[in-house]
Amino acid sequence: MLEQYVANDYLRAFVILVIVFLIIKGIVFIFEKYVKILTRKTKTDLDDKLLESTSRPITAIAFLVGVRMAINEILLRPEVNVLISKIIYSIIIVFVGLLIYGVLNTIFFVS
């Protein structure tokens, strides 16, 4: 889809990375502006703490998915592409673990 607008593989990967970054920034802005306002109005602060403990891992996971999409645009040898994919997926798994830890820690130990 983007090939018709940007011919250079590296530039196309960079454009995808910038677009993903801007989308993430937009979502974070919306969360900070609207969702935090809504969570302040609740009687407990559990939702505030959940939002605080999960925002960084979710942002990191979304960014890593964007990095993976950008790397797909670059023509690499198959074995290099597989290695990079495995590294990115491993880092995503670490952040999913941090996300689960943050949720469970907030629910059971921080109240």
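The values are calculated or read from the model by the stated rules, or taken from the named source; none is laboratory data. Quick caveat: nothing in here was measured; it's all calculated off a predicted structure. Positions of Cβ are generated from backbone atoms using ideal geometry, with glycine treated the same way; all protein chains shown enter the neighbour counts.
Take residue 12 and tell me if it is exposed (fewer than 12 other Cβ atoms within 10 Å of the Cβ) and either farther than 22 Å from residue 73 by Cβ or touching an Asp or Glu at 6+ places or on another chain (Cβ under 8 Å) (or both).
Criteria not met by residue 12.
Residues in the range 45-67 include none that are without any contact (Cβ under 8 Å) to a residue 12 or more places away in the chain, part of a helix (DSSP H, G or I) and not charged (D, E, K, R).
Within the range 1-33, being within 25 Å of residue 96 (Cα to Cα) and either modelled with pLDDT under 85 or touching a helix residue (DSSP H, G or I) at 6+ places or on another chain (Cβ under 6 Å) (or both) holds for 13, 16, 17, 20, 24, 28, 31, 32, 33.
Checked against the criteria, residue 63 does not count as in contact with a Pro (Cβ under 7 Å, 6 or more places away or on another chain) and either of a type in the set (Phe, Trp, Tyr) or exposed (fewer than 13 other Cβ atoms within 10 Å of the Cβ) (or both). Which residues, taken from the range 9-38, are within 26 Å of residue 49 (Cα to Cα) and among the hydroxyl-bearing types (Ser, Thr, Tyr)? Once the filter is applied, which keeps residues that are within 26 Å of residue 49 (Cα to Cα) and among the hydroxyl-bearing types (Ser, Thr, Tyr), the range 9-38 yields only 34.
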